[in-house]
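Chemist: This structure is in structure tokens; I'll ask about it shortly.
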Amino acid sequence: MQAITSRSYGTPEVVHVEEIDTPVPRKGEVLIRNYATVVSQAESTARNGKDPLARLYFGLARPRFPVLGTGFAGEIQSIGSAVTKFRVGDQVTGSAGPTLGAHAEYVTVSENGIIALKPASLVPTDAVAVLDGALTALAFLRDAASLKSGQSILINGASGAVGTAAVQLAKHFGAVVTGVCSTANLDLVKSLGADIVIDYTAQDFTELGQVYDVVFDAVGKSSYTRSRKLLKPGGIYLTTVPSLPILMWMLVTRIFGKTRAKIAFTGLRRAKAMALDVKFISHLAASGHYVPVIDRTYNLKEAASAHARVQSGRKKGSVVLTLHDPGE
């Protein structure tokens, strides 16, 4: 099979398409013919190797996982022994989890892994785009922040994959949403349901004098020290980007102060819980209550261009890679 690999750290040019062995499902696993996947900021971070904390997981000297990618949407081609939850021909979607490997034409996943039947109304590209940011945003808003109806939330980076998901999920939970993005993305964020949209190129959202129950930095471009004045008593600052300062503030604010700083390592949650989230998010989209936002779609041979697009920092929503045509 063909797979997208990065066997050394560096610019998008280190990404190549290689012929590698098609995996064989072991006991309790299914083999999925993968129609679509995404290139997220996480894949970009894993590929460039610039973040020292990320290298602790992805490999100090060279990538531990040359085939990146988590999200998949495809069709089960074969099953290993003892599989009872899925059958050959099932249309499925989900995540390959922390060991990655979804940037390939075929991927194996445990039947007890992060996998669920794909709603028939969702095409594969929409199915992976729906999960791209939402699996992260859902865990932050619902679990880390316990966001409730009537509460207020500011989302910094509201036009990216996590940000567009956070805007929609926060509205689904009944929150009053303020989105922060660039001029070019104001209409998009407004169309997703944000009650107020702030153009960060024209205004510094930390200096507007408003306060919120939750500040969610979906792109890691702010900090707790800059944002804590935006928090109501008991308010929570969330960031998706791990760093020594946020780890320190998590510890300090847990003991002292009237506000909290948190980070959630959403990709390391239990597979059973994430599989339930896959089902929840997919059906939310299938019912029309969640809109997948796709920036651009690339084919397998354009993987380096997809990485370059993500690295540019200008994408809206998700960058999708197509690996097979469902009609083939």
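FYI, it's all coordinate maths here, none of it is from the lab. Computed from a predicted structure; not experimentally measured. Cβ sites come from the backbone with ideal geometry, for glycine too, and all protein chains shown count toward neighbours.
Chemist: Treating only the Cβ of Lys, Arg, Asp and Glu as charged (+1, +1, -1, -1), what charge dipole size does the chain show about its Cα centre? Round to the nearest 20 debye. Please list the in-between numbers first.
Modeler: Numbers: 35 positive and 26 negative charges, 244 e Å.
In debye, rounded to 20, the chain gives about 1180.
Chemist: Per DSSP H run of n ≥ 4, the term is -39500 (n - 2.57); total these for the chain, divide by its residue number, and report the mean residue ellipticity at 222 nm rounded to 500 deg cm²/dmol.
Modeler: Working: 9 runs with 89 residues, N = 328.
Rounded to the nearest 500, the figure is -8000 deg cm²/dmol.
Chemist: Can I ask one more? Given the options G174, G113, G288, which has the most mean-square fluctuation in a GNM of the chain, springs set between C-alpha atoms less than 10 angstrom apart?
Modeler: Maximum among the listed residues: G288.
Chemist: Taking the Cα centre as origin and putting +1 on Lys and Arg beta-carbons and -1 on Asp and Glu beta-carbons, what dipole magnitude results for region 134-266, to the nearest 20 debye? If you can, show how the numbers build up before the last one.
Modeler: On the way: 13 positive and 8 negative charges, 102 e Å.
Charge dipole of region 134-266: 480 debye, to the nearest 20.
Chemist: Using a cut-off of 15 Å between beta-carbons, work out the net charge of the residues near S223 (Lys and Arg +1, Asp and Glu -1, S223 not included). Don't skip to the end; give the middle numbers.
Modeler: Values: positive: K221, R226, R228, K229, R260, K262; negative: D204, E207, D217.
My count for the surroundings of S223 gives +3.
Chemist: Summing +1 for each Lys or Arg and -1 for each Asp or Glu, what net charge is found among the other residues whose Cβ lies under 13 Å from the Cβ of I263?
Modeler: Details: positive: R254, R260, K262; negative: D143, D217.
Combined, the nearby Lys, Arg, Asp and Glu give +1.
Chemist: Nothing charged except the Cβ atoms of Lys and Arg (+1) and of Asp and Glu (-1): what's the magnitude of the dipole of region 26-114 about its Cα centre? Round to the nearest 20 debye.
Modeler: 300
Chemist: For Cα pairs less than 8 Å apart in space and 6+ apart in sequence, what is the mean separation divided by the residue count of region 134-266, i.e. the relative contact order in percent? Walk me through the intermediate numbers first.
Modeler: On the way: 276 pairs, mean separation 29.8, N = 133.
Result for region 134-266 is 22 percent.
Chemist: Here is a follow-up. Would you mind calculating the relative contact order of the chain from Cα pairs under 8 angstrom and at least 6 residues apart, reporting the percent as a whole number? Can you show the working numbers first?
Modeler: Values: 767 pairs, mean separation 66.8, N = 328.
The value is 20 percent.
Chemist: Taking amide hydrogens as modeled 1.01 Å from N in the peptide plane, which residues meet the under 5 Å criterion relative to L231, leaving out close sequence neighbours?
Modeler: Result for L231 returns Y212.
Chemist: Can I ask one more? Springs between alpha-carbon atoms under 10 Å, Gaussian network over the chain: tell me which of A102, A129, A175 tops the mean-square fluctuations.
Modeler: A175
Chemist: Quick one: length gained pulling F265 to H16 fully straight, 0.36 nm per residue minus the C-alpha distance? Let's see the in-between values first.
Modeler: On the way: separation 249, 0.36 × 249 = 89.64 nm, distance 2.86 nm.
Using 0.36 nm per residue and subtracting the Cα-Cα distance, I get 86.8 nm.
Chemist: Using Cα positions and a limit of under 25 Å, work out the lysines in reach of K272, with same-chain residues fewer than 8 apart set aside.
Modeler: Within reach: K27, K85, K118, K148, K262.
Chemist: To continue, here is another question. Say the dipole of the chain comes from +1 at the beta carbon of Lys and Arg and -1 at that of Asp and Glu; which of F72, G235, V252 then lies farthest toward its positive end?
Modeler: My answer, from the dipole projection, is V252.
Chemist: Applying the Karplus parametrisation 6.51 cos²θ - 1.76 cosθ + 1.60 with θ = phi - 60° to the phi angles of region 218-234, what ³J(HN,Hα) value in whole Hz is obtained for each residue in order, glycine and proline being reported as x?
Modeler: Each residue of region 218-234 in turn: 6, 10, x, 9, 10, 7, 5, 5, 6, 9, 5, 6, 8, 8, 5, x, x Hz.
Chemist: Just Q210, Q311, Q91 to compare: in a GNM of the chain, with alpha carbon springs under 10 Å, which one fluctuates most?
Modeler: Q210
Chemist: Another question, if that's okay. What list of ³J(HN,Hα) values in whole Hz, one per residue of region 203-211 in order, does the Karplus curve 6.51 cos²θ - 1.76 cosθ + 1.60 (θ = phi - 60°) give from phi, with Gly and Pro shown as x?
Modeler: Ordered by residue, 3J(HN,Hα) equals 9, 8, 5, 7, 10, 8, x, 8, 10 Hz.
Chemist: For S40, what charge total do you get from the other residues with a beta carbon under 12 Å from its beta carbon, if Lys and Arg give +1 and Asp and Glu give -1?
Modeler: Values: positive: R47, R309, K315; negative: E43, D132, D295.
That sum, taken over residues with Cβ under 12 Å, equals 0.
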